[in-house]
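Worksheet for the structure shown next.
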């Protein structure tokens, strides 16, 4: 986001601006927040120049929905009359999403639930900025506007840790009940295209970023998992895709409108593009093998991410056993070194994973009763419980097998 973005909050109460400033405290050099009491004062301030985004707190006491929308409609119409195009984000309580959706249909840029400031404010601000700062935005259906999907990022602590396999199967499990997009953000040729072997005519992330294809045409529907769509990474063999924070935010703005969960498979990297994606994520799951080299690499990555001191992303570790180890590193020692929650542990199944890939199917559907499939499905429940959707209650299923301290399912652990 550009430095010095000015956010104008329209709210009679001073409590709202305090909450917003607390959430944006680590991004104070990028954001300034001002508050006014009402729409007329806001209009005067906007016409004075410099306002980039408006946050409008919708009233909670009026009887009819049409009356509660009046402040938004008044501001929208006044801005149109003055030839102003400042995006308006509406704020409402968790019980008033229908009101927010009505505002979206009337032209609001997006909406925020007050109870979810910590998770969603930064993402929504970036999404709205990206959509208003890029001339050729992807086309979206009206039904998808304002959905506010959660971003779940998966990154290996080192190359070959199995992050793509974990991301794919978590996405497949979540897609059984939600709309899910699995997106490959590797700048070089990613493994998802190798896994599924789509036809060469299927557009990919590069086509989306170059605005050569709409988002809808870039999404490849899984043949074995209804509800799962895949955005493949660039398949251009001439060179790596130039991923920047700006085009990452452009892609995320499109993807989060079209899905309930966006599962992002990202490379092991601390590049600026990865940083932008991680900071927009609700959860970063670091996939770590149970050996000292992998744990040391994970610890260094976590130290660098912590040094950014930006965003509100939650962190968790997924331990994988790519092969049976004679002396795997003890779980307690890994947990002490990483100092982040352990979300799950996946038992070894190299031959089974290879067979599933040869069948171009997630392990969950290829061999649903296998121990790794059970562990991956349990991991998806932990993640869904930790990062619930605003539109539904936290999924059930995180029950007796769940570790109370860290939400970790231990399947097949010796």
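Side notes on the structure shown:
- Sequence-separation-based contact order of the range 150-410, relative, with Cα cut under 8 Å and 6+ spacing, percent: 23
- Ranked list, fewest to most other Cβ atoms within 10 Å of each Cβ, for 14, 268: 14, 268
- Rel. contact order, % - alpha carbon contacts under 8 angstrom, at least six apart, the range 5-133: 23
- The distance separating the Cα centre of the range 233-310 from that of the range 172-191 comes to 13 Å.
- Cα gyration tensor shape of the range 5-133, rounded if a/c is under 1.5, else prolate or oblate by comparing a/b with b/c: rounded
- As a ratio to 2.2 N^0.38 Å, the alpha-carbon radius of gyration computed for the range 160-275 takes the value 0.97.
- In plain terms, the C-alpha convex hull of the range 248-369 casts an average shadow of 9.1 nm² when viewed from every direction.
- The reciprocal of the average 1/r between distinct C-alpha atoms defines the Kirkwood hydrodynamic radius, which for the range 150-410 equals 18.4 Å.
- Overall dimensions of the range 245-297 by Cα: Rg and Dmax, Å: 13.2, 40
- Neighbour-count order for 210, 76, fewest beta carbons within 10 angstrom listed first: 210, 76
Each value in this text was obtained by applying a stated rule to the coordinates, not by laboratory testing. The shown structure was predicted, so the numbers you read here are calculated from the model rather than taken from an experiment. Every residue, glycine as well, gets a Cβ built from its backbone with ideal geometry; the counts of neighbours run over all protein chains shown.
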